[in-house]
Amino acid sequence: MLKNLFVFVFISATLLAQTGSIKGRITDGASPIPSVNILVMNTGIGAVSDINGRYELRNVPIGEQEIRFSSVGFETQFFELNIQSNKTIELDVVMPVKVIEVGTVEVTGIQGQDQRDTRTSLIDVNPQSAKIMPGAVEDVFRTLQSLPGVLAPNDFSSQLVVRGSGPDQNLIVMDDVEVFNPYRLYGLISMFNPQAVSDISLITGGFPAKYGDRLSAVLDVTNKEGTTSEYLRGNVNASIVDANVVIEGKNPFNLRGSWLLNSRRTYYDLIIEPFVKNAGLVDDNTTFPNFYDLQTKIVLGPFNGHKFFFNGIYSRDGVNVVSGKERNTPDSLDVYNSTRNDVVSFAWHYTPLPKLFNKLIVSWYRTSGETEFESQILDPSINRKGITDFVPDTLAPYLLNLNFRADFAFRKYSIDDKFTYLWGDHIFEAGAGVDFMTTIMDFRFDIDPELVSFFASNPQFRAALSDVRDVKHYNRYRAYVQNNFKLTDRMFIQPGLRFDHYKLLEKSYLAPRLGVSYALSNVTTLRAVWGMYFQSPGYEKMRDGGALLNLDREYTTQLNAERSIHYVLGVDHWLSSEWNLKLEGYYKDFNDLIEQKIVTGSRYFTEPVPGKDLRYSSGWTRPITVQGDSITQIPVNSATGESFGIEVLLAKKNLLSNSKLSGWVSYSLAYANTFQNGNKYPFRFDQRHTLNVVLNYQFNTWFDVGVRWQFGSGFPYTRAEGIRPRIIMKDLDLDGTPETPVIATRKSISNPDSPEEVIYDIYFGENRFNDRKPDYHRLDIRFTFLANFWNLDWAFYLDVINVYNRKNVIAYDYFVTEDLKLDREQNNMFPIIPTLGFNVRF
């Protein structure tokens, strides 16, 4: 027995003596990189770098060994080392960021994903790709709109529609702070400056337990830290419509850390406005939309495991538009709007132990604004093309008032603590947080009764347009736990559980989630996710949802949070060192969707009188009151839904020194439906087929060309089915009797001396989304020329949107012709738009 024990100890000591160690620090050349996966190839030995980028590999077998360093967003590095017995090799590793740098060969738009990462539907996009993406107007969100499962509502919006769900169902996070209104210029572009963003992760489904209070997707954005190698560095990007300046540097006075300051501003009010005023196209007191913002990030540390971050954003949007001097339509318009978006946050990152990491985040967020909208619009049923000459006074009877005033403010104070602990093959994460929210809504409507009648008859506009004046104070509480660990040598699993309490509803929810990753081979990974997700109601979500709801306590206590369940299965395969193929299928089941309550109301019915002229009220029977539906602002859980589809992504990564071509091709087949009151409707953003082709080719060191072609089958819309007499309420007697429904009449524009004629409304029927718009497609192209002079790196570009001037339909205007027929005119999105600009780095 003692002999066997002696042999065992001797053999163990001998084997231990046949190993060595490797340790060092991993950086991007300036800052440490945490959570890097380090693996000794063909062995089970590995490690993960800590928050300071340090790592250590022990008991590495002696001899020639290949070591791999990998992390999402950085180029994977391989080293061949000769491990010696009882020796420690110190190896410091620099992992270049996979970025699109002007003037370099490295061009990567979409990053790879580590095999132990169980997240499905994850797309890590290099934010710098927005700098050269054709047609993206250097905007992060518009770059994302070219990825599988992601759509744009139209050319004028940077909102994200993910797998059929509306923009209100997307969680937007910036440096661990949730933001409600990430748009500028009223949705035209996003708040994220591609020059100042270091990482963007979009999870289009099945996101883990650390994220919550949304049903569909998560966009997690991290702003970059300033350089620590120089006291001052920066770049300027300018075009004919805006300018973008970024300056950065290491902290002065030998204080560890860095600073970064960036600012953007549009030129519409400085360049376009004086031009159109001098041409007499608008009044002198007209101003054009503009926005400017200022963002900063200050980093202090690291100091013995401590690191501090200060973030700040100050942003303003404004517009003040009045009617033109020589306008060629009878409408008048007066719009004033001012919108503010401000963020202040502080984060403390602390690493008391090499494998323990904690983040404490305290933030304040506000978005607020005032709007005054006063207009007189030509009756929507009139053919405005038939009016060639007009005098505003003579058209007064045909103009309808549409006035709107609003003051709103969303304020949020948040405290979050997020904890990560690494032990063995486990990555354990937990966190908790609270939001103290205040929403102030003051919406006032003044709408012509005849226009209300038009809206009520159109299912696309069916909504209660009542005044809303409300102040709400409510909190949200949350906690989560999740653990990623190795189940076998090839399988990783990540269970998670999330708790949310919504004070507005006085209800709590538990949301379990589970992700699995299985390595079929070194180049092929199978992933699956199941998860439950909840979303609370709130005025902060209505901005993207497009419906005003009454959130008084008597209604909210009767509500449940909206719920969805995600099922996702995908496979990721590397065809070669540069070509990657992803195939993914998903199904989302929605329940307790919140809609406006429909109650029993009144509508009016009339029919033609045989042998009579339908132009005059005598040609119609007297209107009678019948039972109908009426839309209210009361929220109810009255709808369910589903979304499912298949997505394919083929990406070419420009990783080798002689590579010239990069980009991706994606295709999505998708279905999205909602079920309400026994009826089935497609979601308003249900697009059956979507194809994106994004390619960039570098011809030489100073010239490259990028192209983007997008195709999408048409969105659903409600097609008008005919015309009907407009019926209004009128007091026919002078003795105070109740109002009576009558057929509305007025003088004809073309023949004002004739008797008053019936006013017709467009009739849309009872079926919403009964047709589809034509297919959408658009080609964008960008030419970039690189140069170096005055010891500066320059890039000059020509970006052309919609090269072949495709007339993509955004909506239809219906009208009644002189012979009482229904006709329509299409409204189009972007025409061909060329833009010149330059970028200079100093």
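Shape of the stretch 532-636 from its Cα gyration tensor (a ≥ b ≥ c, root eigenvalues): rounded if a/c is under 1.5, otherwise prolate when a/b > b/c, or oblate?
Numbers: a/c = 4.10, a/b = 1.90, b/c = 2.16.
Cα axes put the stretch 532-636 in the oblate bin.
Taking 0.36 nm per residue of sequence separation and subtracting the Cα-Cα distance, how much length would be gained by fully extending the chain between Ala547 and Tyr587, in nm to one decimal? Between Ala547 and Tyr587, full extension yields 11.8 nm more.
Amide H contacts of Ile83: Gly63, Glu64, Gln65, each under 5 Å away and 5 or more positions distant or on a separate chain (H built 1.01 Å from N in the peptide plane; Pro and chain starts excluded).
Length gained on full extension, Ser521 to Leu792: 92.9 nm, using 0.36 nm per residue less the C-alpha separation.
Distant-in-sequence amide contacts of Val36, defined by a placed amide H-H separation under 5 Å and a gap of 5 or more residues or a different chain, comprise Ser49.
Sorted from longest to shortest, the spans of the Cα atoms of the stretch 530-577 along the three principal axes equal 59, 22, 11 Å.
Annotation: per residue accessible area for the stretch 162-250 equals 22 Å², rounded to a whole number [probe 1.4 Å, protein chains only].
Under conditions of 10 °C and 1.306 mPa s, the stretch 675-767 yields 80 µm² s⁻¹ as its translational diffusion coefficient, taking Rh as the Kirkwood radius over Cα pairs in the Stokes-Einstein equation.
Couplings for the stretch 578-583, taken from phi via the Karplus curve 6.51 cos²θ - 1.76 cosθ + 1.60 with θ = phi - 60°, read 10, 10, 10, 10, 10, 10 Hz in order; Gly and Pro are left as x. Calculated FRET efficiency, Ile832 to Phe785, Cβ-Cβ distance, R0 = 30 Å: about 0.90 to the nearest 0.05. Distances over 25 Å make up what percent of all Cα-Cα pairs in the stretch 702-842? Here the long-distance tail beyond 25 Å is 59 percent of all Cα pairs in the stretch 702-842. Modelled this way, with points 7 Å down the Cα-to-C-beta line, the labels at Tyr667 and Tyr763 are 4.3 nm from one another.
If R0 equals 22 Å, the separation of the Cβ atoms of Phe675 and Asp771 corresponds to a calculated FRET efficiency of about 0.65.
The values are calculated or read from the model by the stated rules, or taken from the named source; none is laboratory data. Values in this document were obtained by computation on a predicted structure and should not be read as measured data. Don't worry about glycine lacking a Cβ; one is built from the backbone with ideal geometry, like all the others, and counts go over all protein chains shown. In case anyone asks, the SASA skips ligands and DNA or RNA and just uses the protein heavy atoms, side chains included. Shrake-Rupley method; radii C 1.70, N 1.55, O 1.52, S 1.80 Å.
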